[in-house]
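As structure tokens, the structure follows; a few thoughts come after it.
We did not get these values from a lab; they are worked out from the coordinates using the rules stated. On a predicted model such as this, the values are computed, not experimentally measured, just so you know. Neighbour counts run over all protein chains shown; Cβ positions are idealised from the backbone, glycine included.
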Amino acid sequence: MSQPYFEVTYRRGAPLAAYYYLPRRAGQKSHRKEEAAPGLLVDYARDGEPIGIEILDPEKLTLAKMNHVLRALGQPVLARADLASLRVAESQVDSAIERSPQFLSRMAKARAAIRLGKGVKLEDIKDKRPRR
């Protein structure tokens with residue numbers, strides 16, 4: 001593999017785990033793992049060459065932190081757009097909810113209730129949160 005790439009695992013629309021594959025020769029496998037920064041574990045091949053970075057908390061990954069590790073490994077740095085795969089899941093979940101039959105049914109019922117005068121204005125809802 002000659003080009004680096006991300007592999008992201010999602011759970012309920014949020015990135016659960018991520019791995020950044022670095023360029024490697026065919027057949028190279030992880031021989032040892034080392035923490036390069038909090039939440040970033042670098043996999044090294046038997047010959048000591050870095051072959052990937054495990055990202056333990058993808059939602060908290062910053063571009064600066066990732067690029068710091070990549071520079072230390074002698075790898076090309078990333079652009080902000082390269083981290084997009086770690087951020088898109090939320091909008092995908094919102095879209096899935098908005099298309100779900102249950103959501104569409106509830107919205108239709110709510111709109112019908114409002115047309116019949118059974119709705120409540122937001123201004124009429126009392127704020128029950130404790131004041132600070």
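In table form, for the structure just shown:
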{"read-out": "Yes/no for LEU16 being within 20 Å of ARG71 (Cα to Cα) and in contact (Cβ under 8 Å) with a residue 40 or more places away in the chain", "value": "no"}
{"read-out": "Residue ranges of strands (runs of 3 or more DSSP E) in segment 1-118 with at least 3 members touching an Asp or Glu at 6+ places or on another chain (Cβ under 8 Å)", "value": "14-21, 40-44, 50-55"}
{"read-out": "Hey, TYR21 surrounded by fewer than 16 Cβ atoms within 10 Å (Cβ to Cβ), in contact (Cβ under 8 Å) with a residue 24 or more places away in the chain and among the aromatic types (Phe, Trp, Tyr) or not", "value": "yes"}
{"read-out": "Test: PRO58 is touching a Pro at 6+ places or on another chain (Cβ under 6 Å) and not β-branched (Val, Ile, Thr)", "value": "yes"}
{"read-out": "Any chance ALA81 is touching a residue at least 24 places away in the same chain (Cβ under 8 Å) and either of a type in the set (Gly, Ala, Ser) or surrounded by 14 or more Cβ atoms within 10 Å (Cβ to Cβ) (or both)", "value": "no"}
